[in-house]
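The values are calculated or read from the model by the stated rules, or taken from the named source; none is laboratory data. Only a predicted model underlies this, so the values are computations on that prediction, with no experimental measurement involved. Using ideal geometry, Cβ is built from the backbone for each residue, glycine included, and neighbour counts are taken over all protein chains shown.
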Amino acid sequence: MFTNRAEKLFVWMFFPLALLMPLLLDQNTFYVNKLATILILSIFVMSLDYLVGRCGLVTLGHALFYGLGGYLFVMLTPEYEAVNFWVYTFYVLVIASAIALVVGFIVLRTSGIYMIMITLALAQMCFYFFSDSTEFGGNDGVFIYVKPETSVFGLNLFDLDNPTHFYYLCLLSLFNCLLFFKLIMRSKFGRIVDAVQENPERTTALGYNVFQFRLASYVIASALGAYAGYLFALQYGFVNPSMLSWQTSGTALVMSILGGLGTLYGAILGTLVYEGLHYGFEHLTEHWLLPMGTLIILMVLAFRHGLAGYLESLLGKRK
Amino acid sequence: MDITLFLFQLMNGVQYGLLLFLIASGLTLVFGVMGILNLAHGSMYMVGAYLAWYFTNTTGSFGMAAVISAIVALLLGILIERTLIIRLYRRNHLDQVLLTIGLIFVFNALQSLLWGNDPLGVAVPAWLDGAIPLTDMIEYPVYRLFVSLLCILIAIGMYLTINRTRLGMLIRAGESNRDMVECLGVDINRLYTLVFAAGVALAAIAGIVSAPMVSVVPGMGEHVLISCFVVVVIGGMGSIRGAFVGALMVGIVDTFSSIMLPQVSSMMIYILMAVILLVKPKGLFAS
């Protein structure tokens, strides 16, 4: 499954360590919550990484689905009644996929620079829709008063109000997400996706409908992006339009490049390091954007293969 | 809506559209000639507005401040192109997006570092501070008329430069084939620096003349950038004529929808864009 040395090393170090983290932190609520957010963001960034790095579809509007994941939950659930987490996960995934199918149908008609601008504009449209709506609290967003319960056949696995439980739910989700993408990439579908990125014309000549494969990938990545937004909404108990802002999309792109584009596990690496730096810079100065922006510029100019690329060149590429 | 009110709003819409054209033309020019998508273009608009505020306060004259600010912006454009953008010409769009996102971060931080986060205001210069009565109730500010006129003059100037001068010929040649222009012995790098600086200056000039009409606030550039994207996508990427038509459409639709359909007004221009894209996926004036 994990064939390359750097990837293997990372996965074998990261997940066991992440499992122990709440114990090491002595269940310190602040840090456990912070780490859970990073895990959620990693899912979001990984879904974007698949789209940009594996399918060659550069989007600057992925936050559209992140925000939708949160808002869909708010729209679907009754205000003062606990619903079932698994059932609503299913609903959110299905509805987000349906929306992604329509959006993908429009944006995938274009490519390159046009796709970047159109995805951005569509995400921005949704941003304004929610920030102008009185029904969804406008700029302030909506609170989620009751968190869902997670019982399956009477078995209650997670208590979502407990930060440590929530953390483990996020970790499980992230692991499944990585596994899922790895499985996709190994399947016949994944090989065709690779071929489409490598050479769309030749893939068409081989008799595959490139558009369909792109659309399918777009739907998959968007649904997982929505799942991440849904988890985020549950963690903080509210949704607001800033989840849909272009900054969310842009930062996620930066994280995936920082980690190493198209490597999938690099998304986790990139998110961890970016958030770590963000936290560090914020402690140093209120103008943390200055060192962060400078770092992004330097990264584009000099650090082109990301952290995963760096790790791989250290360890040698094959096992 | 009676006819005077309609005309009044139409003038507002056209004025907003012309201002958008000024910014969007810089974006589309830089993309058309150099193939660079500059997300930090909106930041240049913001920089223009803040510089205008700063120099108005130090020199005491808005006219003087406008000239100084435009020159500073031009120099800033040259500096950014020479140090950063020059490294992006052979790179893909993704690298351009990331580097210019980095620039947005840096400019936002510098803005809050140098000028703080409170909204600032610039007074309309006395010689333009007046209003022309349209009816007993409605009057139109002279300053807005002046801005529209200035935008039209700049648009005509751009049209003449691009279509009637040697420089314009080089710009058009650079658009269609970079390598061939280089082979013919033209210093393409100098041309690129010039075009990029001109793009930055256009956005900054829009920021400068906007300063007395809007409040100068953090994040003002990002809002404008997205509207410009809509303009450029509607008009066709790289087409200045398209930017002109697109900007007027966006300006008029935005102004009228905020009166007639206030609930969905901020979405209207995106709906307009989506409809146009369904009919013409490359915009109205795609080359």
Self-check item: segment A:100-112 residues that are more than 11 Å from chain B (Cβ to nearest Cβ), paired with ones that are of a type in the set (A, V, I, L, M) (beta carbon under 6 Å, 6 or more apart)
Solution: A:Ala100/A:Val219; A:Leu101/A:Val219; A:Gly104/A:Leu215
Self-check item: Those residues of segment B:125-175 which are touching a residue at least 60 places away in the same chain (Cβ under 8 Å), closer than 30 Å to B:Thr56 by Cα and not in a helix (DSSP H, G or I), in sequence order
Solution: B:Pro125, B:Ile138, B:Tyr140
Quiz prompt | Hits in segment B:44-65 (condition: surrounded by fewer than 21 Cβ atoms within 10 Å (Cβ to Cβ), touching a helix residue (DSSP H, G or I) at 6+ places or on another chain (Cβ under 6 Å) and touching a residue at least 24 places away in the same chain (Cβ under 8 Å)) | solution = none
Exercise. Evaluate the following for B:Phe196: is it more than 14 Å from every other protein chain (Cβ to nearest Cβ), among the aromatic types (Phe, Trp, Tyr) and over 14 Å from B:Ala24 (Cβ atoms)?
Key: yes
Exercise. Could you please give the count of residues in segment B:12-43 that are closer than 10 Å to B:Gly199 by Cβ, away from chain A (no Cβ under 14 Å) and surrounded by fewer than 24 Cβ atoms within 10 Å (Cβ to Cβ)?
Key: 1
Quiz prompt | Every residue from segment A:269-278 that is in contact (Cβ under 8 Å) with a residue 12 or more places away in the chain and either under 11 Å from A:Leu307 (Cβ atoms) or away from every other protein chain (no Cβ under 13 Å) (or both) | solution = A:Leu269, A:Gly270, A:Thr271, A:Leu272, A:Val273, A:Tyr274, A:Glu275
Exercise. Tell me the helices (runs of 4 or more DSSP H) entirely within segment A:63-152 that contain at least 3 residues that are farther than 24 Å from A:Gln247 by Cα and not charged (D, E, K, R).
Key: A:85-107
Exercise. Please go through segment B:81-107 and pick out each residue that is surrounded by 15 or more Cβ atoms within 10 Å (Cβ to Cβ), part of a helix (DSSP H, G or I) and among the aliphatic types (A, V, I, L, M).
Key: B:Ile85, B:Leu88, B:Leu94, B:Val97, B:Leu98, B:Leu99, B:Ile101, B:Leu103, B:Ile104, B:Val106
Practice problem: Please find, within segment B:212-240, the residue that is surrounded by the most Cβ atoms within 10 Å (Cβ to Cβ) out of those that are over 30 Å from B:Leu120 (Cβ atoms) and modelled with pLDDT of 90 or more. | Solution: B:Gly235
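Listed here are the residues, each with its yes/no results for (1) within 22 Å of A:Trp246 (Cα to Cα); (2) in contact with a strand residue (DSSP E or B) (Cβ under 9 Å, 6 or more places away or on another chain); (3) away from every other protein chain (no Cβ under 14 Å); (4) without any contact (Cβ under 8 Å) to a residue 12 or more places away in the chain.
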residue	(1), (2), (3), (4)
B:Ala206	no, no, yes, no
B:Val209	no, no, yes, no
B:Met220	yes, no, yes, no
B:Val230	yes, no, no, no
B:Met249	no, no, yes, no
B:Ser258	no, no, no, yes
B:Leu261	no, no, no, yes
B:Val264	yes, no, no, yes
Quiz item: So which of A:Leu20, A:Leu9 ends up being part of a helix (DSSP H, G or I) and closer than 22 Å to A:Met255 by Cα?
Solution: A:Leu9
Quiz item: Of the residues A:Ser222, A:Ser217, which is surrounded by 15 or more Cβ atoms within 10 Å (Cβ to Cβ), under 13 Å from A:Phe65 (Cα atoms), of a type in the set (S, T, N, Q) and in contact (Cβ under 8 Å) with a residue 12 or more places away in the chain?
Solution: A:Ser222
Quiz item: Quick one: which of A:Gly250, A:Gly266 is crowded, with 17+ Cβ neighbours inside 10 Å, more than 14 Å from chain B (Cβ to nearest Cβ) and at pLDDT 90 or above?
Solution: A:Gly266
Quiz item: Can we say A:Phe211 is more than 22 Å from A:Phe90 (Cβ to Cβ), surrounded by fewer than 17 Cβ atoms within 10 Å (Cβ to Cβ) and in contact with a Gly (Cβ under 8 Å, 6 or more places away or on another chain)?
Solution: no
Self-check item: Qualifying residues in segment B:175-198 (those that are under 23 Å from the mean Cα position of the chain (by Cα) and of a type outside the set (A, V, I, L, M, F, W, C)) - the one nearest to B:Met237 (Cα to Cα)
Solution: B:Glu175
Quiz item: Filter segment B:108-124 for residues that are assigned to a helix (DSSP H, G or I) and more than 8 Å from chain A (Cβ to nearest Cβ); which is nearest to the chain's Cα centre (by Cα)?
Solution: B:Gln111
Quiz item: When you look at A:Val142, is it of a type in the set (Val, Ile, Thr) and exposed (fewer than 15 other Cβ atoms within 10 Å of the Cβ), yes or no?
Solution: no
Practice problem: Identify all residues within segment B:88-102 that are at the interface with chain A (Cβ under 7 Å from one of its Cβ atoms) and either free of Cβ contacts under 8 Å to residues at least 12 places away in the same chain or hydrophobic (A, V, I, L, M, F, W, C) (or both); write none if there are none. | Solution: B:Leu94, B:Asp95, B:Val97, B:Leu98, B:Leu99, B:Ile101, B:Gly102
Quiz item: Residues of segment B:76-87 being more than 10 Å from every other protein chain (Cβ to nearest Cβ) and either touching a residue at least 12 places away in the same chain (Cβ under 8 Å) or under 23 Å from A:Met115 (Cβ atoms) (or both), which ones?
Solution: B:Leu76, B:Gly77, B:Ile78, B:Ile80, B:Glu81, B:Arg82, B:Ile85, B:Ile86
Exercise. Using the structure shown, decide if B:Val231 is assigned to a helix (DSSP H, G or I), of a type outside the set (Lys, Arg) and within 11 Å of the chain's Cα centre (by Cα).
Key: yes
Quiz item: Can you spot a residue in segment A:294-301 that is at the interface with chain B (Cβ under 9 Å from one of its Cβ atoms), surrounded by fewer than 23 Cβ atoms within 10 Å (Cβ to Cβ) and under 21 Å from B:Asn117 (Cβ atoms)?
Solution: yes
Self-check item: Failed item in (1) more than 10 Å from chain B (Cβ to nearest Cβ); (2) modelled with pLDDT of 90 or more; (3) surrounded by 17 or more Cβ atoms within 10 Å (Cβ to Cβ), with A:Ala123 passing the rest
Solution: (1)
Quiz item: Among (1) surrounded by fewer than 19 Cβ atoms within 10 Å (Cβ to Cβ); (2) more than 9 Å from every other protein chain (Cβ to nearest Cβ); (3) of a type outside the set (Phe, Trp, Tyr), where does B:Met268 come up short?
Solution: (1)
Exercise. Report yes if B:Gly63 is within 14 Å of chain A (Cβ to nearest Cβ) and either more than 17 Å from the chain's Cα centre (by Cα) or in a helix (DSSP H, G or I) (or both), otherwise no.
Key: no
